[in-house]
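The values are calculated or read from the model by the stated rules, or taken from the named source; none is laboratory data. Model, not experiment: these values are computed from the prediction. Here the Cβ is made from the backbone with ideal geometry for all residues, glycine too, and neighbour counts use every protein chain on show.
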Amino acid sequence: MRLIAIVGFCLVGWWSAQAESPALLPYKSAHWKQTVTIGAATAGGGQKVEAELWFLKPDNMRVVTAVDGKRQVIVIKSGTALVFEEGGTMGMKMPLKQQMLDQLAQYTEVFSKLDTWKKAKTGEEKLGDKACEIYGFTDKSGGQTATGKVWLWTEKNFPMRMVLEAQGQSVTVEHNDVQVNEGVSPAMFEAPAGVKFVDLPSGPGK
């Protein structure tokens with residue numbers, strides 16, 4: 001699915017997409033906007049990809065990305081995936097298969113790694129109005145090694161910025177408009193009115 005594959009760390013492949021299920025976020029709820037800048041570690045600029053995400057414990061997630069100028073949405077709830085375009089009238093409804101779970105893990109796996117990364121504090125910095133602690137780390141996964149830094153919002157233990165480098169590539173991840181444990185509405189994970197969903201069978205395999 002281009003919707004998922006285009007965004008996040010899966011473009012670089014630092015973290016293996018072999019998780020049996022997406023990592024659960026350590027919050028009751030969360031909403032944030034994400035900008036991922038991907039480019040050579042020695043060059044300026046780079047490709048930018050933006051997404052907006054909502055999470056509600058235990059396993060509800062909504063991901064919105066801009067693809068070819070259109071906002072595409074995937075909603076995960078109770079083992080079912082809804083895929084549709086904002087403002088559109090048609091969508092797909094399907095059982096949540098392993099491939100999509102692996103891809104969704106690219107959004108959430110970083111949160112499961114925070115405790116292992118919080119070993120070498122290198123400083124403190126305020127990003128906007130959020131006081132952050134900065135940690136340097138080395139991450140090994142899938143036969144690759146990445147080095148980086150993460151800026152953790154101290155109050156909420158939420159990664160506001162990450163900078164990673166591996167194999168001559170760099171990724172900078174910025175999170176903004178972050179809300180943690182502030183009551184994400186369950187309505188964000190319901191099928192939108194006015195969209196007709198086509199049921200797709202699970203098919204063979206996981």
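Which members of segment 50-89 meet the condition of being over 15 Å from GLU190 (Cα atoms) and among the aliphatic types (A, V, I, L, M)?
ALA51, ALA66, VAL67
Which pairs do you get when a residue that is of a type in the set (S, T, N, Q), found in segment 78-89, comes within reach of a residue that is surrounded by 10 or more Cβ atoms within 10 Å (Cβ to Cβ), reach meaning Cβ atoms under 7 angstrom, with the pair 6+ apart or on two chains?
Within 7 Å, the pairs are THR80/LYS93; THR80/PRO95; THR80/LEU96; THR89/VAL195; THR89/LYS196.
Evaluate the following for GLU182: is it loosely packed, with under 13 Cβ neighbours inside 10 Å, more than 20 Å from LEU53 (Cβ to Cβ) and of a type outside the set (Lys, Arg)?
On the way: loosely packed, with under 13 Cβ neighbours inside 10 Å: yes; more than 20 Å from LEU53 (Cβ to Cβ): no; of a type outside the set (Lys, Arg): yes.
Spelling it out, it is not the case that GLU182 is loosely packed, with under 13 Cβ neighbours inside 10 Å, more than 20 Å from LEU53 (Cβ to Cβ) and of a type outside the set (Lys, Arg).
Might you let me know whether segment 31-43 holds any residue that is in contact with a His (Cβ under 7 Å, 6 or more places away or on another chain), at pLDDT 90 or above and of a type in the set (A, V, I, L, M, F, W, C)?
yes
Could you grab me the full set of residues in segment 115-165 that are free of Cβ contacts under 8 Å to residues at least 12 places away in the same chain and within 22 Å of ALA30 (Cα to Cα)?
ASP115, LYS126, ASP129
Consider LEU104 carefully, then state whether it is within 17 Å of the chain's Cα centre (by Cα) and closer than 22 Å to ASN176 by Cβ. Write out each step before concluding.
On the way: within 17 Å of the chain's Cα centre (by Cα): yes; closer than 22 Å to ASN176 by Cβ: yes.
Yes: the conditions hold for LEU104.
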